[in-house]
1. Could you look through the range 96-111, keep only residues that are in contact with a strand residue (DSSP E or B) (Cβ under 6 Å, 6 or more places away or on another chain) and more than 16 Å from the ligand (Cβ to nearest atom), and pick out the one that is farthest from Ala27 (Cα to Cα)?
2. Any chance the range 59-76 includes a residue that's surrounded by 16 or more Cβ atoms within 10 Å (Cβ to Cβ), among the β-branched types (Val, Ile, Thr) and out of contact with any strand residue (DSSP E or B) (no Cβ under 8 Å at 6 or more places or on another chain)?
3. Checking the conditions here, which among Tyr70, Tyr98 is more than 20 Å from Gly139 (Cα to Cα) and of a type outside the set (Asp, Glu)?
4. Between a residue in the range 80-96 that is closer than 13 Å to Gly7 by Cα and any residue that is at pLDDT 95 or above and exposed (fewer than 13 other Cβ atoms within 10 Å of the Cβ), which pairs come within a Cβ distance under 8 Å, given they are 6 or more apart or on different chains?
5. Could you please find all residues in the range 134-172 being farther than 24 Å from Pro73 by Cβ, within 12 Å of the ligand (Cβ to nearest atom) and either surrounded by 24 or more Cβ atoms within 10 Å (Cβ to Cβ) or at pLDDT 95 or above (or both)?
6. Taking Arg119 and the conditions (1) in contact (Cβ under 8 Å) with a residue 24 or more places away in the chain; (2) assigned to a loop (DSSP other than H, G, I, E, B), which numbered condition does it fall short on, given that it satisfies the others?
7. Collect the residues in the range 42-54 that are surrounded by fewer than 18 Cβ atoms within 10 Å (Cβ to Cβ) and either within 12 Å of the ligand (Cβ to nearest atom) or touching a residue at least 40 places away in the same chain (Cβ under 8 Å) (or both), keeping them in residue-number order.
8. Any chance you could count how many residues in the range 1-41 are more than 16 Å from the ligand (Cβ to nearest atom), of a type in the set (Ser, Thr, Tyr) and without any contact (Cβ under 8 Å) to a residue 24 or more places away in the chain?
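The values are calculated or read from the model by the stated rules, or taken from the named source; none is laboratory data. Just so it is clear, the model here is predicted, and its values are computed rather than measured. Methodologically, a virtual Cβ is constructed for each residue, glycine included, from the backbone with ideal geometry; neighbour enumeration extends over all protein chains shown.
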Amino acid sequence: MKDKRSGKIVLVAHCLLNVHSLEDNLATYPGLEEEVINLLIEKGVSLYQILCPEIELSGIFRKALPKESYDHPKIRKIYRQLADKIADNLKWYVKKDYKIIAVIGAEASPSCGIELVGRWKEKTKSKREFPRDIEFISGMGVFMEELKSALTKINVYPEWIGIPGKSIRTLKPESFEETLNKLNKLL
Ligand code: SF4
């Protein structure tokens with residue numbers, strides 16, 4: 001029997017639907033990423049909310065840190081298990097021929113960044129502070145790397161888009177609008 005579903009699914013980083021999962025001082029909305037979610041509603045896709053990998057790892061009182069703090073074998077193992085569980089769950093949707101069209105991450109997050117991650121600046125080896133001593137470089141967050149490889153194993157090849165968070169929007173204010181346009185064209 002036919003119903004109204006579009007057959008299109010987008011995976012979203014947990015904090016895009018729940019800013020309370022973010023580290024302190026990083027939220028730019030009271031509840032969720034309004035423009036991004038409104039666009040996704042308009043496009044008629046359903047949202048598959050990924051568990052916040054950092055909460056799985058270390059809970060909600062954690063500090064904001066760069067990628068190198070998360071890029072360790074023990075953390076990768078936990079992230080891989082979470083990514084494999086998601087891929088295992090998504091297999092059902094794939095079997096029904098639904099399309100996993102995109103994964104939307106949180107740009108510059110050490111776990112959920114898509115094209116940018118943070119690293120400590122070279123000169124600041126001691127008394128480092130976030131975000132003062134961070135620079136942003138090309139790279140994917142540790143969890144998204146694991147998710148990409150888990151999805152490849154089930155032959156799912158979505159588009160990968162990173163929503164600029166507070167730090168990136170402060171450095172490059174036009175990046176948010178550019179990302180929304182990109183998302184709009186893609187979906
Ligand atoms: S970016 Fe990822 S790790 Fe950070 S709060 Fe969002 S879901 Fe959690």
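1. Tyr98
2. Yes, the range 59-76 has at least one match.
3. Sole residue among the options that is more than 20 Å from Gly139 (Cα to Cα) and of a type outside the set (Asp, Glu): Tyr98.
4. Close Cβ pairs (under 8 Å, with a partner that is at pLDDT 95 or above and exposed (fewer than 13 other Cβ atoms within 10 Å of the Cβ)) amount to Val94/Asn155.
5. Scanning the range 134-172 gives Gly162, Ile163, Pro164, Gly165.
6. Here Arg119 clears every test but (2).
7. Residues satisfying the conditions are Lys43, Ser46, Tyr48, Gln49, Leu51.
8. 0
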